[in-house]
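What follows draws every value from the coordinates through simple rules; no lab data is involved. Keep in mind the model is a prediction, meaning the values are calculated, not measured. Here Cβ is always computed from backbone atoms with ideal geometry, including for glycine, and neighbour counts include all displayed protein chains.
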Amino acid sequence: MGRFLLRRLANYMVLVIVASCLAYFLAALSLNPRSNFESKNPRPPEAVISKTLQEYNLDPHTPVFERFGHWAADVATGNLGKNVKGGSVNDDFGRRVGVSVRLLLISTLLGSLGGVFLGAWGAIRQYRFFDRFTTLGSFFVLAMPIFVIAISLELLAVNFNHAAGSTVLQYTGEYDPDVNGFWAQLLSRFNHLILPTLTLVLVQMATYSRYQRNTMLDVLGSDFLRTARAKGLRRRTALIKHGLRTAVLPIVPLLVYNVVLLFTGATFTEKIFNWHGMGEWLVDSINTNDTNSVAAVSLFTAVVVLVAGLLSDVIYAALDPRVRVS
Amino acid sequence: MIETRPEPGRAPAAATAPVLEVEDLHVTFPSEAGEVQAVRGVSYSVRPGEVLGIVGESGSGKSVSSMAVLGLLPESASVRGAIRLGGRDILGLGDREMSRIRGREIGMVFQDPLSALTPVYSIGTQIVEALQIHQDLSKEAARKRAIELLDVVGIPDPNRRVDAFPHEFSGGMRQRAMIAMAIANDPKVIIADEPTTALDVTIQAQVLDVLKKAQDVTGAAIVMITHDLGVIAGFADRVMVMYAGKPVETGTVDQVYYTPRMPYTIGLLGSIPRLDNDGGPLIPIEGTPPSMVELPPGCPFAARCPITIDRCLEVEPSLVAPEGVDHPVACIRGYELGREGGLVPEEIYPVPELPEAGPQERLPRAERAAVLEVDDLVKHFPLMKGAVFKRRVGTVRAVDGISLEIREGETLGLVGESGCGKTTTLLEILDLPTGQGGTISVLGKDTRHLKRADRKALRRDVQVVFQDPMASLDARMPVGDILAEPLETHGWSKDRIAARIPELLELVGLKPDHADRYPQEFSGGQRQRISIARALALEPKLVILDEPVSALDVSIQAGVLNLLNDLKARLGLSYLFVAHDLSVVRHTADRVAVMYLGRIVEVGETHKVFEAPSHPYTQALLSAVPLPDPHKERERRRILLTGDLPSPADVPSGCRFRNRCPKFAQLDEAKAQQCRDEDPMLHSLAADHSAACHHAAALQVV
């Protein structure tokens, strides 16, 4: 198993390198960091612009392969370069990963578990009220783009706050900078989490529950479930221990990839609720022609794909003895 | 290892109280067409140590009634009647109470061992679970007991195998594990639902043996549900025959097998091909079982019964026996049968006429032309390992040098256990290969030197009928299109096709207006007839039949087998009949070839191979087939083979059968060494009978 994983890791590493190099070339060739300086008021002198760009390794006059060489050499030492404002991309990176993790950890956990539960229970209660209700609800959520959901929730919160007469539900940013004290700040952070988490959980639960319902339905009529009950297991125990345990297998890769990749893909949610995470960074850095930041986000995404792949292999092998390599 | 089967029916003491009683059980399911009355009044009782066989065809309600006993029917089912376990009525108990009974007082063995174990838990874990639900055992104690149980059911090396997962077990071993689980808590009753249907005959014999042993260990009563009248004959004490959700005849095995009184039972017994005689045509029961949604009044078997009178259509007869006879029958004419001057049971069904032999068949075999000649056919598959860089780590010797010959108007039966290479052989012949070893000649043409167009033309002469008539017909095509497809492929004109389709349908006993219907509107037997019609569309010379009747119920099977015999005589066909059911092969084949691990180990005229089997494998195979004859079954000695078929990737040196061979174990050292060193070739024992064994000697086993 260890050797198998190492070989997989080596394969993924090659992919990470190829993907991030290609992303660098794409960003370096299509973005124009110079325009940032040209539109400044007062506009700095040509020579200054060129010098600054050169210093940031962003000068379009330097051949792209040379710039790539600098960038790659830096990345190899753990330095992601400078952003268009001259700040360290490493600093941005660290801050934004932290934000994304704080935003997504709870919602992905809730979303996956909730989705699996909803789907499995819906399958058990097939065509009953619970099943019909969750099916309808899921398709309602799935039919809406995520920004519609986020903005609707935001509007609801505004109305709710208005009715309540004070800002009960927070919907902007990660925390209230005016709040002091550990507990008060924790409460404030929690309050700010509610709406974005709700948005993400709704979408994830709707998606995963559909897959889980199907795999669970396949398992419900299976012979081994009947065997489990013939042994004397109660219906519910048999359903969970033998049924769900087997039915969750096919959706494990889907779950792991989706959850892990969300760490760079929650763009709309971050934008709308004004969280400065990875998803927002990608969009903002493209807008500001920030080549090195775009390259950093791409590198991160590639690594995240690697992690997702390895993780799903490990979890799958842990859950299903049939795929274990001897 | 030759074992004698324990005498069945160690005289169940009539004094002991029945452990399980089912009284007037009714089960109905809602469906879109209306209520399905799956079980309509089943009553039976079993005493400790007794074996009750429940026989019936698919849809007769036999499985549903046993699921009702366990309380495992879907919630939508409504159940009426009484089920008493040790005097206590358990029908209508909640899940909590039933869970205490299931597994502890009633053990269950299911049909398909491949899917009946949870794939993600080890065998040990699953047995330990069964133990710990009902007994207060520590983990270690439960594990120790699980290993003991695996030992009881004959799993070799149980200490190690206890941690194996279901996918690492063969079908027979999984069924043994199921039995271990069923007896884990010393149940009072074991319900076995078609426990050997999915297994090969040699494994079936092993599993039945284990089941008997399990009964001896636990002293439980067994309710054995099956469609196979042979399995019950030697195993059960009493039999209940079910039809359309109701028992139609019950009695001791001897009563039911030797003096059947219900026309359905008589028909069932007459329609099974038997290993111990090949005389005469099979007697099919015409028609199909009625729909269980809206049963017409009267006897549900009336429409298929040869001795129906008007009264049969008025009231449904109940299960009654005359005074002093414990052999009730649900037939108003039942006791007219066999009475002095009354109806003779053997004569109530019209015996179909044997088709007259075709012109080719009347010629001596040596003068007929060969239709198919296979010479030293080899098909090896490389066994690869590695994900990116594959390397060859072994060879699967699926077919390892076999030779066959089929002459005009002849049926060659190819038999063997699953995994012996039957299917690969058949696919190679259909494929008309160019590579690997050996030659295949069809109608005298060596297929290796054929051009594309000739190859296509040759395919017209070799057609195939597959096992599963549900899967081998495209559900989206009307029957007419299915039959027209091969004709269009070979460039027939529209007019010729239009004329050919009704002709084909009539040929196989269907109506020309069936051409517009879809496959799902037909029953299993009718669908297999459509498959046969499709195979015959291009007027082939050779038809390859791959288990053509194994998916069908016995009463239907007889009709299809008769049709095949009839077609062979009328159209001068030759058949390659691949099957695992030796009784069917005995009935249909002129010559038979027995395959083991990629080789033919015995070949010859059917009656010679069956009456004087000379290879120890053939002997074991034949002795494992149960006969629908209780007396013969009790007197028979089974040759039990040890273990499973070895992997074709790991063929033993010398004789490939030696590690399972009962004869090898008894040989002196010099002779045994020959088996280890020399790979035996087929050598002739008599005219058209040869075996691949150094020490071949005939032995009567049937």
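Along the Cα-to-Cβ line of B:I309, 7 Å from the Cα, sits a label point; which residues in region B:315-342 have backbone N less than 19 Å from it? Taking a point 7 Å out along Cα→Cβ of B:I309, the residues of region B:315-342 whose backbone N falls under 19 Å are B:315-323, B:329-342.
Once the Cβ-Cβ distance of B:S550 and B:Q520 is raised to the sixth power relative to R0 = 25 Å, the FRET efficiency obtained is 0.75. In this simple spin-label model, placing a label point 7 Å from the Cα along the Cα-to-Cβ direction at both B:T252 and B:A498 gives a separation of 6.7 nm.
Taken about its Cα centre, region A:53-126 carries a charge dipole of roughly 480 debye when the Cβ of each Lys and Arg holds +1 and the Cβ of each Asp and Glu holds -1. Placing a label point 7 Å from the Cα of B:A357 along the Cα-to-Cβ line, the residues of region B:392-425 whose backbone N sits under 16 Å from it are B:407-412.
Think of the protein assembly as shown as having a plus end and a minus end, set by charges on the Cβ of Lys, Arg, Asp and Glu; of B:Q175, B:V248, B:S66, B:Q175 sits farthest toward the positive end of this dipole.
Note: relative contact order over region A:2-324, using C-alpha pairs below 8 Å and six or more positions apart, is 27 percent. Taken about its Cα centre, region A:2-324 carries a charge dipole of roughly 1960 debye when the Cβ of each Lys and Arg holds +1 and the Cβ of each Asp and Glu holds -1. Only Lys, Arg, Asp and Glu carry charge here, each on its Cβ (+1 for the first two, -1 for the last two); on that basis the protein assembly as shown has a dipole of about 2820 debye about its Cα centre. Separation of region A:34-105 from region A:206-271 is 44 Å, based on Cα centroids.
For the protein assembly as shown, DSSP calls about 60 percent of its internal beta bridges antiparallel. Each residue, A:N41 and A:L187, gets one label point 7 Å from its Cα in the Cβ direction; the gap between the two is 4.5 nm. Remark: the A:V168-A:D91 segment gains 24.4 nm on full extension, using 0.36 nm per residue and subtracting the alpha carbon distance. Ranking B:Y335, B:F610, A:W281 by how far each Cα lies toward the positive end of the dipole of the protein assembly as shown (charges on Cβ) leaves A:W281 at the top. Cβ-Cβ distance of B:D157 and A:I315, R₀ of 25 Å, FRET efficiency by 1/(1 + (r/R0)^6): the value works out to about 0.20. Taking every alpha-carbon pair under 8 Å whose residues sit at least 6 apart, chain B reaches a relative contact order of 14 percent. Spacing of the modelled spin labels on B:A33 and B:L430, each 7 Å from Cα toward Cβ, amounts to 3.1 nm.
Legend: calculated FRET efficiency, A:D218 to B:S138, from the Cβ-Cβ distance at R0 = 41 Å, rounded to 0.05, equals 0.70.
Stretched out straight at 0.36 nm per residue, the stretch from B:E340 to B:E367 would grow longer than its current Cα-Cα span by 4.6 nm. Sorting the segments B:214-223, A:157-166, B:362-371, B:236-245 by their mean number of nearby beta carbons within 10 angstrom, highest to lowest, gives B:236-245, B:214-223, B:362-371, A:157-166. Over all distinct Cα-Cα pairs of chain B, the Kirkwood formula returns a hydrodynamic radius of 27.4 Å. Take every DSSP beta bridge whose two residues both sit in region B:1-158; close to 95 percent of them are antiparallel.
From Cα pairs below 8 angstrom and at least 6 apart in sequence, can you work out the relative contact order of region A:126-280, rounded to a whole percent? Answer for region A:126-280 is 26 percent. Maximal additional length on extending the A:R322-A:A73 stretch stands at 85.3 nm, based on 0.36 nm per residue less the C-alpha distance.
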